Amino acid sequence: MAPVAKEISHICGTLEPLQTSASIAEQLHELLTVLKKHGDLPITLIGHSWGAWLSFIFAARYPLLVKKLILIGSGPFEEEYASKIMKTRLSRLNKEEKLKVHALEEALLDPRQDNNVALSQFGKLLSKADSFDPLPSIGEEIEVQPDIFQKVWKEASELRRSGKLLELGKQIQCPVIAIHGDYDPHPYEGIKQPLSQMVEDFRFILLKNCGHTPWMERTARDSFYEVLKKELN
């Protein structure tokens with residue numbers, strides 16, 4: 001999210017914490033440490049994709065430290081919506097790309113394979129499926145860390161499957177805003193409907209012609225930043 005951090009730094013102080021720990025509990029502690037040391041608490045917390053979930057969990061765990069929560073391209077909060085994600089992604093790829101996705105999925109399960117390379121290639125294919133009209137990459141990528149991804153995702157998916165992730169919404173005391181692209185394969189209904197019933201102060205904003213990463217979308221980028229900056233003012 002470096003491009004987003006740079007853009008909004010023109011209107012407010014900004015931190016871009018990076019997660020390096022291999023469990024949800026450790027990532028929460030990592031985030032807490034950074035915010036206590038460098039943040040002007042309570043803060044507005046912005047999270048994208050997995051970061052949206054982590055921010056959601058953090059706001060539930062430490063409600064007095066977060067004055068507003070902004071979720072961008074969040075994963076769905078209920079299991080029934082999750083099954084649609086890969087089906088949608090594959091429908092947007094050609095035959096050769098679909099075969100490559102399946103091969104990479106198998107490679108990621110094989111400890112003899114170079115998971116760094118496999119996960120990077122897997123991510124690039126899914127990114128293509130996740131985007132409506134993407135802008136060229138601007139070299140803001142960070143090193144892939146498959147071990148962290150696999151360990152944390154195992155915890156996170158179980159948290160959703162059990163219903164405990166959504167239940168955390170009852171503990172959040174600040175306004176929650178979800179910004180989501182209409183082309184994002186993560187179905188927006190899986191964010192809008194569950195959170196509107198669980199979070200007391202919740203608003204949902206759907207961006208037209210926008211995939212999973214709004215600031216990298218040619219059509220939606222300006223609208224995304226307009227919405228985000230309005231929420232930060």
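Structure data summary
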| quantity | calculated |
| --- | --- |
| Some residue of region 60-74 being open to solvent by 30 Å² or more (accessible area, probe 1.4 Å) and of a type in the set (Ser, Thr, Tyr) | yes |
| Selected residue (only one of Lys36, Lys98 is in a helix (DSSP H, G or I), over 27 Å from Asp201 (Cα atoms) and basic (Lys, Arg)) | Lys98 |
| Which listed residue, of Lys170, Lys128, Lys124, Lys154, is open to solvent by 70 Å² or more (accessible area, probe 1.4 Å) and either touching a Phe, Trp or Tyr at 6+ places or on another chain (Cβ under 8 Å) or at pLDDT below 90 (or both) | Lys124 |
| Counted residues, region 207-231 - those being open to solvent by 40 Å² or more (accessible area, probe 1.4 Å) and more than 15 Å from the chain's Cα centre (by Cα) | 10 |
| Counted residues, region 18-29 - those being open to solvent by less than 40 Å² (accessible area, probe 1.4 Å) and not polar (S, T, N, Q) | 3 |
| Subset of region 75-91 that is in a helix (DSSP H, G or I) and open to solvent by less than 80 Å² (accessible area, probe 1.4 Å) - its residue that is farthest from Ser162 (Cα to Cα) | Leu90 |
| From the options Leu104, Leu99, residue that is open to solvent by less than 30 Å² (accessible area, probe 1.4 Å) and either over 24 Å from Glu26 (Cβ atoms) or not aromatic (Phe, Trp, Tyr) (or both) | Leu104 |
| Qualifying residue in region 48-57 (condition: under 29 Å from Ser131 (Cα atoms) and part of a loop (DSSP other than H, G, I, E, B)) | yes |
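Here is a yes/no grid of residues against (1) touching a residue at least 60 places away in the same chain (Cβ under 8 Å); (2) of a type outside the set (D, E, K, R):
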| site | (1), (2) |
| --- | --- |
| Gly123 | no, yes |
| Lys128 | no, no |
| Phe132 | yes, yes |
| Ile148 | yes, yes |
| Gln173 | yes, yes |
| Asp182 | no, no |
| Gln197 | no, yes |
| Pro214 | yes, yes |
| Lys229 | yes, no |
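Let's see how each residue does on (1) in contact with a helix residue (DSSP H, G or I) (Cβ under 6 Å, 6 or more places away or on another chain); (2) in a loop (DSSP other than H, G, I, E, B); (3) open to solvent by less than 50 Å² (accessible area, probe 1.4 Å):
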| site | (1), (2), (3) |
| --- | --- |
| Leu93 | yes, yes, yes |
| Pro136 | no, yes, no |
| Glu143 | no, yes, no |
| Leu166 | yes, no, yes |
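The values are calculated or read from the model by the stated rules, or taken from the named source; none is laboratory data. If you're wondering where the values come from, they're calculated on a predicted model, not measured in any experiment. Positions of Cβ are backbone-derived with ideal geometry, glycine not excepted, and every protein chain shown enters the neighbour counts. Each accessible area value is taken on the protein alone, full model and side chains, heavy atoms only, with ligands, DNA and RNA left out. Shrake-Rupley method; radii C 1.70, N 1.55, O 1.52, S 1.80 Å.
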